Amino acid sequence: MRPNYPFNCWYVGATTDEVGQELFSRRLLGIHVMLYRLGSGDVVAMEDRCVHRAYPLSLGWRDGDRVVSGYHGLVYEPDGRLVHIPSQENVPPGVRVRTYPVYEQAPFVWVWLGDPGAATLRPPPRIPWYAEGQGWADTIEVLRVEANYLLLQEHYLDLTDVFVVHPEAVPPGVERLPQLNEVEVSERSVGYSRTVSSSGLAEWEAEITGLAATTAGTRREEGMFVSPALHVQHYAIEPEDDRAYGLLRIQGFTPESPGVTHVFLRMARNFATDDDKVGDFLKTMFHDWAMRDAGVLETIQRRLDEDIYPRRDINVKADRAAIRARRIAMEMVDEESGRFRLGKMLAAT
Amino acid sequence: MRPNYPFNCWYVGATTDEVGQELFSRRLLGIHVMLYRLGSGDVVAMEDRCVHRAYPLSLGWRDGDRVVSGYHGLVYEPDGRLVHIPSQENVPPGVRVRTYPVYEQAPFVWVWLGDPGAATLRPPPRIPWYAEGQGWADTIEVLRVEANYLLLQEHYLDLTDVFVVHPEAVPPGVERLPQLNEVEVSERSVGYSRTVSSSGLAEWEAEITGLAATTAGTRREEGMFVSPALHVQHYAIEPEDDRAYGLLRIQGFTPESPGVTHVFLRMARNFATDDDKVGDFLKTMFHDWAMRDAGVLETIQRRLDEDIYPRRDINVKADRAAIRARRIAMEMVDEESGRFRLGKMLAAT
Amino acid sequence: MRPNYPFNCWYVGATTDEVGQELFSRRLLGIHVMLYRLGSGDVVAMEDRCVHRAYPLSLGWRDGDRVVSGYHGLVYEPDGRLVHIPSQENVPPGVRVRTYPVYEQAPFVWVWLGDPGAATLRPPPRIPWYAEGQGWADTIEVLRVEANYLLLQEHYLDLTDVFVVHPEAVPPGVERLPQLNEVEVSERSVGYSRTVSSSGLAEWEAEITGLAATTAGTRREEGMFVSPALHVQHYAIEPEDDRAYGLLRIQGFTPESPGVTHVFLRMARNFATDDDKVGDFLKTMFHDWAMRDAGVLETIQRRLDEDIYPRRDINVKADRAAIRARRIAMEMVDEESGRFRLGKMLAAT
């Protein structure tokens, strides 16, 4: 399977807590990447492969900020330069292991695995609705799903599965989701919004807000494919005569390979921010939800893998945002391989 | 491995007992097929794949005779028509999941996965010697063998392995099987027959007939490759001055994929038809026999899979029927892909 | 992965103890080979595949020196000739299973899987330093390592990993290995030697020699890629005013397939030859050492297997012998496929 993800894009490589003094390794876009934290606190991302015999550097050890290979003891600076070979006096000049730009904004450590020169041109994505985190409390976990990252993006851009896969999450009396109010498309992102008319509270909504189950309120729901690497959903319970209760499901999707995706699942809330019980409840509930979603998507991936010839799905109206998202991702992929630009140029003549 | 099985052929998809109210799924000729029984008792065979996102329909549920997908709740009629999409008011016309002709003759549910128009031209095969089952008692079981279906067909068309693989099955005093009396070939089938001269009874023969081990009798043995999907063997113990005791080993061979075969193993007898003890004895003995055969054929399949270049086997005289059977199957495959007809046409000019 | 091992080369197929009355099977250079010992004591090597239906002959049984297939009972002479088919009177002339030249020199059974005519032109390799075993005691074991055989050859031709992977093995006070004194290259082999200046004894050296840890002595170390199939290392502890204590690590490397290697690990010593405790100590220590090395090489192999495009390693000075060895092996491979000779001829015009 040809990779269908762009390299020129910031991806979440790890959470802040995962990267410390230890040499941490994770496969991102097919590349084994080693991450560790310098004495200064900055994070280094380096290809996890000694230039000498392909042995993973993460199986070696640190010597201060340097890294020592666990096979023949070659030593590397944090910028990737080879600075010592134990079996000889001199080091050939210019030998280095590849390093990658890193941008940390807790709890995400973003990594740029594409064209090094392009990293600064595209800043890491901002999380919509989050406003640098003021007034929000977060929980986070990392999952590994054996499905292509676009299956995940598409899944969360079309919420009409909830009646089937998560019926207990639907507020009482709601029998179908209204059409999307709006699908907004920019060059690199797709968003939708939808308002569900007033109803009482689902059990989980009452639990986290502390309101009576009979409280009437509308729901505002917005979602965004911010980039191939980031999906954010905003869910607001808006009771009459009360403040709005906001939830954000922030998901970093980072392909390990074409068939596997790391999911960095953050749940943020702008209420009960000091109440760990509410945080734990949400984390557990959305963990279970994510695992059920993963089960569905892994099943679909296995079936797609068996297709000898690619087959065309039928799309429905609810897929409008998902189709746009897939098109944006594939344009980014094509652009990197040069075909897109060529196609445009030929069309212009 | 290119599939070496024809699609324009009736295959056993399941046993009558396997198909009921539940949504049952099995992979046949590489296609995931869902089977279930309508309120009327008729069996439906439908591709096990929602047209929307490839999710298996068998993981959804029934709504009367209709099927509801477990992902986004799309609803299908038994004829495959998509009739409801929960997230929108209308359904695009003409969308359907593929369904397959079914013919049930207990305990076999036959399915036609080839060209739909051709199903009625070729009726499901009749089981030789069986005469609609009058006077016979049956047992049945389903096995899954990790070997190509032609290895199974060939194995059962050449019984000379019994001295090596199943020596306890050979009547006492018989030291070699006589040459085949006859190999009969029609356009689509191959049969052989052989008569073993009189001898006493093997232990299992005495057990099932209730005769003394010293009873002398000839054995008539006939086998037939009825189609790529069906193999039948007839074994008759014919004591002097007594009726003949007939056994049928009826085997449906249905490829799951080129390397795996579902075996529908029926044992029928025309004596002691009311005696369950005899039925259980035969079922157990032929189960063990089939498992031993499967072990041999799976070993061979693994070795063949390792060959980088295909290698030519040496054939012996006992392979005469097997060679004919393979040729018939391959002609059916070639015919479907158009090459056979082209070859004939070119030869005719 | 295209095999990178030559066929025209003697490989260790088994140890003397592994081959007896039983039919023994091992995959060598991708070929399943059956080995057994005749009544005369000679060893037969035969392809482990009945000519009739690819069933492994090793799953059959012996009839004296002959072998009987466990499927249809075909019988073979030790020279591979098919001499009996139970289901018919005559045997087609000239049918045989392939056999391979064997040369046994305990504890190694060498097998030649290449061009049969060339076997006698290249005698099995002699083990350097060993002098037909006079004065040496041996232990042996067989390991299976999931790495290409050249990764093993290269590993043992560059001992500079010991400081990292086996620090407890280094004599006290030695902080780096001296440069190789010499790298000797013949047409088909590569050797190196190195002298480490006088130091006290490592713990294991004291244990096996019975000398005080403070005993000062130099170390002479020599290694040789004798052929793609054989690697020998000579390690001598040479205390002042005492005899030299010699150790040989003799390793037969036989590819099972491009990604897996059988290692026949012999440890020989020319002291304490009657002392089994010393033998057991060395066997255990070098077993642990080999397992640690195997772990490193298997990790590298897995990483190499993930590369879509082959990547070029950086070499260091200590790789000098390893690079020569790889070149010799690849020349032997090219020579067999005809490209090398062609390249030479073209260069000569």
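All of the numbers you see were taken from the coordinates with simple rules; none came from a lab. Since we're looking at a predicted model, the values are computed, not measured. Cβ: placed from backbone, ideal geometry, glycine included. Neighbour counts: every protein chain shown.
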Checklist entry - residue B:277: which aspartates and glutamates have alpha carbons under 12 Å from its alpha carbon, excluding same-chain residues fewer than 8 sequence positions away? => result B:207
Item to check | Table column - 3J(HN,Hα) (Hz), region B:274-285, Karplus curve with 6.51, -1.76, 1.60, x for Gly and Pro | outcome: 9, 9, 5, 4, 5, x, 5, 4, 5, 4, 5, 5
Checklist outcome for this item: The long-range amide H neighbours of residue C:31, using H built 1.01 Å from N in the peptide plane and a cut-off of under 5 Å, are none
Checklist outcome for this item: Sorting B:285, A:45, C:278 by the position of each Cα along the dipole of the protein assembly as shown (Lys, Arg +1; Asp, Glu -1; all at Cβ), the one nearest the positive end of that ordering is A:45
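Is region C:162-220 best put as rounded, prolate or oblate by its Cα gyration tensor, with a ≥ b ≥ c the root eigenvalues, rounded for a/c under 1.5, and otherwise prolate when a/b is larger than b/c, oblate when not? Can you show the working numbers first?
On the way: a/c = 2.26, a/b = 2.05, b/c = 1.10.
It is prolate, given that a/c is not under 1.5 and a/b is the larger ratio.
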Next on the checklist: Under a Cβ-only charge scheme (Lys and Arg +1, Asp and Glu -1), can you give me the dipole magnitude of chain B about the Cα centre, in debye to the nearest 20?
Outcome noted: 1360 debye
Next on the checklist: What distance in nm lies between label points placed 7 Å from Cα along the C-beta direction at residue B:103 and residue B:287?
Outcome noted: 3.1 nm
Next on the checklist: Taking the number of other C-beta atoms within 10 Å as the exposure measure, put C:242, A:161 in order starting with the fewest.
Outcome noted: C:242, A:161
Checklist outcome for this item: Residues whose modelled amide H sits under 5 Å from the amide H of residue A:83, counting only those 5 or more places away in sequence or on another chain, are A:75, A:76, A:77
Checklist entry - From the phi of every residue in region C:117-131, what ³J(HN,Hα) in whole Hz does the Karplus formula 6.51 cos²θ - 1.76 cosθ + 1.60 yield, where θ is phi - 60° and glycine or proline is x? => result x, 8, 4, 6, 6, 10, x, x, x, 8, 8, x, 6, 8, 6
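Could you grab the Rg to Rh ratio for region B:183-283? Cα atoms only, Kirkwood for Rh.
Working: Rg = 15.7 Å, Rh = 15.1 Å.
Over the Cα atoms of region B:183-283, Rg/Rh equals 1.04.
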Checklist outcome for this item: Taking the label point 7 Å from Cα along the Cα-Cβ vector, the copy-to-copy distances for residue A:84, listed from shortest in nm with one decimal, are 7.2, 7.2
Checklist entry - Tell me, what does the Kirkwood hydrodynamic radius of the protein assembly as shown come to in angstroms if you use every pair of distinct C-alpha atoms? => result 35.0 Å
Checklist entry - Among C:71, C:160, C:232, whose Cα lies farthest out toward the positive end of the dipole of chain C, if unit charges sit on the beta carbon of Lys, Arg (+1) and Asp, Glu (-1)? => result C:71
Checklist entry - To one decimal in nm, how far is residue B:22 from the same spot in the other copies, if labels go 7 Å from Cα toward Cβ? Please give the shortest first. => result 4.2, 4.3
Item to check | Cα pair distances in region B:1-131, grouped into 5 Å bins until the bin that holds the longest one, percent each | outcome: 2, 10, 20, 21, 19, 13, 8, 4, 2, 1, 0, 0
Next on the checklist: Just to confirm the number: angle between the C-alpha axis of helix C:339-348 and the first principal axis of chain C, 0 to 90 degrees, nearest 10?
Outcome noted: 70 degrees
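At 222 nm, what value in deg cm²/dmol follows for chain B if DSSP H runs of at least 4 each add -39500 (n - 2.57) and the sum is divided by all its residues, to the nearest 500? Write out the running numbers ahead of the final one.
Values: 6 runs with 79 residues, N = 349.
Computed mean residue ellipticity for chain B: -7000 deg cm²/dmol.
Would you work out the charge dipole size for region A:203-253 about its Cα centre, treating the Cβ of every Lys and Arg as +1 and the Cβ of every Asp and Glu as -1, and quote it to the nearest 20 debye?
Working: 4 positive and 9 negative charges, 60 e Å.
Charge dipole, region A:203-253, about its Cα centre: 280 debye, nearest 20.
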Checklist entry - Say the dipole of the protein assembly as shown comes from +1 at the beta carbon of Lys and Arg and -1 at that of Asp and Glu; which of A:174, B:95, B:169 then lies farthest toward its positive end? => result B:95
Next on the checklist: Using a label point 7 Å beyond Cα on the Cα-Cβ vector, give me the inter-copy distances for residue B:168 in nanometres, one decimal, shortest first.
Outcome noted: 5.3, 5.3
Item to check | Shape box of region B:251-340 [Cα atoms, principal axes, largest first, Å] | outcome: 51, 30, 29
Next on the checklist: Rounded to the nearest 20 debye, what is the charge dipole size of region B:191-330 about its Cα centre when +1 sits on each Lys and Arg Cβ and -1 on each Asp and Glu Cβ?
Outcome noted: 800 debye
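So for region C:7-75, averaging the separation of alpha carbon pairs under 8 Å that are six or more residues apart and normalising by length, what relative contact order in percent results? Intermediate values should be presented prior to the final figure.
On the way: 100 pairs, mean separation 13.4, N = 69.
Contact order relative to length: 19 percent.
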Checklist entry - Where is the GNM fluctuation largest for chain A (alpha-carbon springs, 10 angstrom cutoff): A:142, A:102, A:165? => result A:165
Checklist entry - How high is the FRET efficiency between residue B:90 and residue A:307 when r is their beta carbon distance and R₀ equals 30 Å, given to the nearest 0.05? => result 0.55
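Per residue and in cubic angstrom, what volume does the convex hull of the Cα atoms of region B:60-129 have?
Details: hull volume 7.9 nm³, N = 70.
Cα convex hull per residue, to the nearest whole number: 114 Å³.
Per residue of B:306-319, what is the mean number of Cβ atoms on other protein chains within 10 angstrom of that residue's Cβ? Please report the intermediate quantities before stating the final value.
Details: counts 6, 3, 2, 0, 0, 3, 1, 6, 11, 4, 13, 6, 6, 4.
Per-residue shielding by partner chains comes out at 5.
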Next on the checklist: Suppose we take every Cα in chain B and form the convex hull; what volume per residue is that in Å³?
Outcome noted: 169 Å³
Checklist entry - For labels at residue A:274 and residue C:134 in the simple 7 Å Cα→Cβ model, what's the distance in nm? => result 9.2 nm
Item to check | Cβ-based net charge around residue B:65, under 13 Å, with every Lys or Arg adding one and every Asp or Glu removing one | outcome: 0
